[in-house]
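What follows is a short report on a single structure.
All of the numbers you see were taken from the coordinates with simple rules; none came from a lab. Everything quoted here is computed from the prediction, not taken from an experiment. Here the Cβ positions follow ideal geometry from the backbone for every residue, glycine too, while neighbour counts run over all protein chains shown.
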Amino acid sequence: MTVVDHSEVRAAWDDVAAAYADARDPDGPDAALIDDLLAELPPAPTVLDVGCGDGARTLANLPSDAVGVDFSRAGLELATDTLPEARLAQGDMLSLPVETDSVDGITAYHAVFHVDRDHHPEVYEEFARVLRPGGWVLATLPGGRYETVRRGWMGGEMFFSTPGRETTLSELRAAGFEEIRTETSSDPLGSSTEFVFAQLG
C-alpha cells in the first residue's frame with residue numbers, strides 16, 4: 001500500500017473493519033466525551049460522525065438522526081447491522097457528501113490520521129465548510145508526528161499519518177476554529193488519547 005493512495009487505504013479498512021469493531025470497547029470513557037459535545041450544541045442538533053465505522057463507538061451515542069460517514073463500504077455495512085435505522089453515507093473527508101453550513105457538530109474519532117498529513121488542512125477546511133457558524137468538532141488529537149504503514153494491524157495493514165499535536169491545533173485555527181480545548185481519555189483499544197473540542201468562529 002502506498003501512503004497516499006486513497007483507494008488502497010479504503011481497501012485496507014474494508015479488510016480490517018470487522019476485526020477493529022470486535023477488538024474495541026464500544027462503551028469506553030472516550031465515548032462519554034460525546035455528552036460534553038452535545039452540551040455545547042443547540043437543541044435537536046444535526047451531528048455528523050466522520051469515520052463512523054461500525055457505529056458502536058460514536059454514532060450509537062449521538063442523536064438518532066445523526067449522519068454517519070465512512071469511506072469503507074465494509075464499515076458502513078457493519079453500522080447498518082449495529083444501527084439499522086441509522087442515516088449513513090459513503091464519502092471521503094476531503095469531500096464530505098454534506099451541504100455547506102448544514103450541521104451543528106462533528107465527531108471524528110481516530111479518523112483524520114488515516115489521511116495523508118499534507119491534506120489535513122483540507123480536512124479541517126471541509127469540516128468548517130459543512131458546520132454552521134458556532135458549530136463544534138470533537139476529534140482525536142494525535143500527540144506525535146509520524147507517517148507509516150503498520151503491517152499486521154488488526155490482521156491487515158493500515159496507513160497512519162499525522163503532523164503532530166501543535167501543527168494540528170494550528171491547522172484547526174487556520175481553518176477558522178477559535179475556541180479550542182483538549183481532554184485526555186481512553187481510546188477504543190484501551191490506550192490514553194487526547195481529544196480536541198474546537199468551535200468554528
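Going by neighbour counts of Cβ atoms within 10 Å, the residues Val149, Val130 line up, fewest first, as Val149, Val130.
I need Tyr146, Tyr124 ordered by Cβ neighbour count within 10 Å, fewest first.
Placing the least packed residue first, the sequence is Tyr146, Tyr124.
Here the Kirkwood formula, the inverse mean of 1/r across different C-alpha pairs, assigns the range 6-200 a hydrodynamic radius of 16.4 Å.
Placing R0 at 25 angstrom, the Cβ-Cβ distance between Glu183 and Asp92 gives a FRET efficiency of 0.35 after rounding to 0.05.
Neighbour counting of Cβ atoms within 10 Å sorts the residues Leu76, Leu131, fewest neighbours leading, into Leu76, Leu131.
Taking the Cβ of Asp49 as the center, what net charge do the other residues with Cβ under 12 Å away carry, scoring Lys and Arg +1 and Asp and Glu -1?
-1
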